[in-house]
Every structure is written in C-alpha cells, then in structure tokens.
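Structure record follows, encoded as structure tokens.
Just so it is clear, none of the values below were taken in a lab; they were calculated from the coordinates. As the structure is a computational prediction, the values presented were derived from the model and not from experiment. Glycine also receives a Cβ, built like all others from the backbone with ideal geometry; neighbour counts cover every protein chain displayed.
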Amino acid sequence: MESWWSLGEGSGQYGHDLALYEITCPFCMEAGNFKTAFHAEKKKPSGSKKLNFDTLECGNCKGYVMVLWSASTMGGSHGIHAYRVLPWPLKLERYPKHWPETIGRYWLQAKRNLRDENWDAAALMARSALQVALRAKEAQGGGLKREIDDLAAKGILPPIMKDWSDNVRELGNESAHPKPEQEATDPQDARDVVRFLDFLLEYLYDLPHQIEEYQGRTQEE
Ligand SMILES: [Zn+2]
C-alpha cells in the first residue's frame, strides 16, 4: 500500500462498517467488546473515498484503541473495508532462535510478568536469565554484579554496560531463596533489570548473530 487512500481497496474484511467484533483489546485481551467513543472522518478531495478515525473504548477494561479504517469505493452492496489499530495486542510467544533455549524461556517469563505487573517474578526471571547468559560466557566472580564486572574486564561486555550495571538495583539482589522479611520489588527496579537484560542479550547474542549473517551474505556474493 503506497497511500493511505488505498486502505480498504483490494483487500480487507467483509462489510462497509468497521468489524468491531474482530478487534482484540491490547490491555485485557477481550475480543469484540468495543464501542465507538469518538469518530471523525476525512474525504479525499477528489472522488468518494473516505478515511475514518475512530477511538474505541473497551467494554471490559475501559482501555482505548485508535482505529484508522476505510471502506472500498467499489464492490456494490456488500463491499469490503480494512483497518489498522493502535495499540495492538503484544504477543510474547517467541524469542530469537539464536538465543540459548533456557535464556529465551526465562526472558519470555520476565517480559510476561512485567506485562502482568508481577514485579517480584519479573525481576527474579530477569536475574535468572542474566545468570545463565553470564555463566554461558564463563563469567567468574559469584553474583551477577561481579560476573558483569568480570566480563567487562575481559572485553566481552563494553564498559558502558558495566557502568550501567552499577545503577540497576536488582543486580545486587542475590535472593533466589526469599526470606520471610523479603520486601516487595519496586516496579521501576523490575523494569530496569529487564531492560538491562534486553541490552545484554542484544550485545552478547543479537549483534554477533547479525554480523555473522552479514558476513555470510557478503561471502556468497
Ligand atoms: Zn480491554
């Protein structure tokens, strides 16, 4: 599609009206429970094409989504239309194939727990993923913080990651075995450690993988 004026021309859903029943709430995952809270439209200066700008409210959680949609100018009484929704449900079902399985599994659970606001579980899973990733790179020292320092000293991690790690509070939390007086994890601390994990995996696994792929391609040429 080269122009938004082509939306709904050629492919889409049946009907001239927005298929509300098809839209899934990105916040509570309930499908087809929306009503229109706001509607505006814009007609193409020439011809009959019309773009609709709707804000929909979820009947279940009262969240909002924005929908841009348009019906085909052709097709008689039935017709078709197409739409784009923002935000859409984020599916966290996969991790990159080039990551070790254990790391991917823990990362996925860290992300899902963040989404569901299970801060203790998110931080715990992020620390577990970090542990496995650091050990896989033969980090020495005992404890996440010292192992990060060790990889930085060996040039495997860049100094900027080491500096950042000083400010990620959950990296200093060694408690896989909680004590009765264990404090609740701060939401921002949980987000921080998951973000740190994202960058660490990007650096240790994604970047080398992309360079390898690129080199593979240039050698084939
Ligand atoms: Zn909802």
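The angle separating the long axis of helix 207-220 from the principal Cα axis of greatest extent in the chain is about 70 degrees. Counting charges near L18 (Lys, Arg +1; Asp, Glu -1) among other residues having Cβ under 13 Å from its Cβ returns a value of -1.
Label point of E138 set 7 angstrom out along Cα-Cβ; within segment 147-191, amide nitrogens under 15 Å from it belong to 150-157. Computed from Cα atoms, the angle from the helix 119-136 axis to the main principal axis of the chain rounds to 60 degrees.
Set the bar at 24 Å for Cα to Cα. Now go through K145/K179; K97/K137; K97/K162 and name every pair that lies beyond it.
Check vs 24 Å cut-off fails for K97/K162.
With R₀ fixed at 25 Å, the C-beta to C-beta distance from Q182 to K35 puts the FRET efficiency at about 0.05. Measuring between their Cα centroids, segment 1-57 and segment 79-103 lie 20 Å from each other. Using the Cβ-Cβ distance between K62 and H16 with R0 = 35 Å, the FRET efficiency computed as 1/(1 + (r/R0)^6) comes to roughly 0.80. For K42, neighbours were defined as the other residues whose beta-carbon sits under 12 Å from its Cβ, and their charges (Lys and Arg +1, Asp and Glu -1) total +3.
Helix 101-115 axis versus longest C-alpha principal axis of the chain: approximately 60°, rounded to the nearest ten. Our summary gives segment 85-167 a relative contact order of 17 percent, counting only alpha carbon pairs under 8 angstrom and 6 or more residues apart. Using only the Cα atoms of segment 1-83, each taken as one equal point scatterer with no solvent, compute I(q) by the Debye sum, divide by I(0), and report log10 of the ratio at q = 0.14, 0.19 Å⁻¹. The calculated log intensity ratios at q = 0.14, 0.19 Å⁻¹ are -0.49, -0.82. What the Kirkwood sum gives for segment 54-137 is a hydrodynamic radius of 16.3 Å, with every pair of different alpha carbons counted.
Helical runs (DSSP H, four residues minimum) scored at -39500 (n - 2.57) apiece and divided by the length of the chain put the mean residue ellipticity at 222 nm at -11500 deg cm²/dmol.
The per residue volume of the convex hull around the alpha-carbon atoms of segment 121-221 is 108 Å³. With semi-axes defined as the square roots of five times the eigenvalues of the C-alpha gyration tensor, the equivalent ellipsoid of the chain measures 46, 24, 13 Å, largest first.
In a DSSP loop and with at most 11 other Cβ atoms within 10 Å, the GluC sites (Glu not before Pro) in segment 51-133 are E93, E117.
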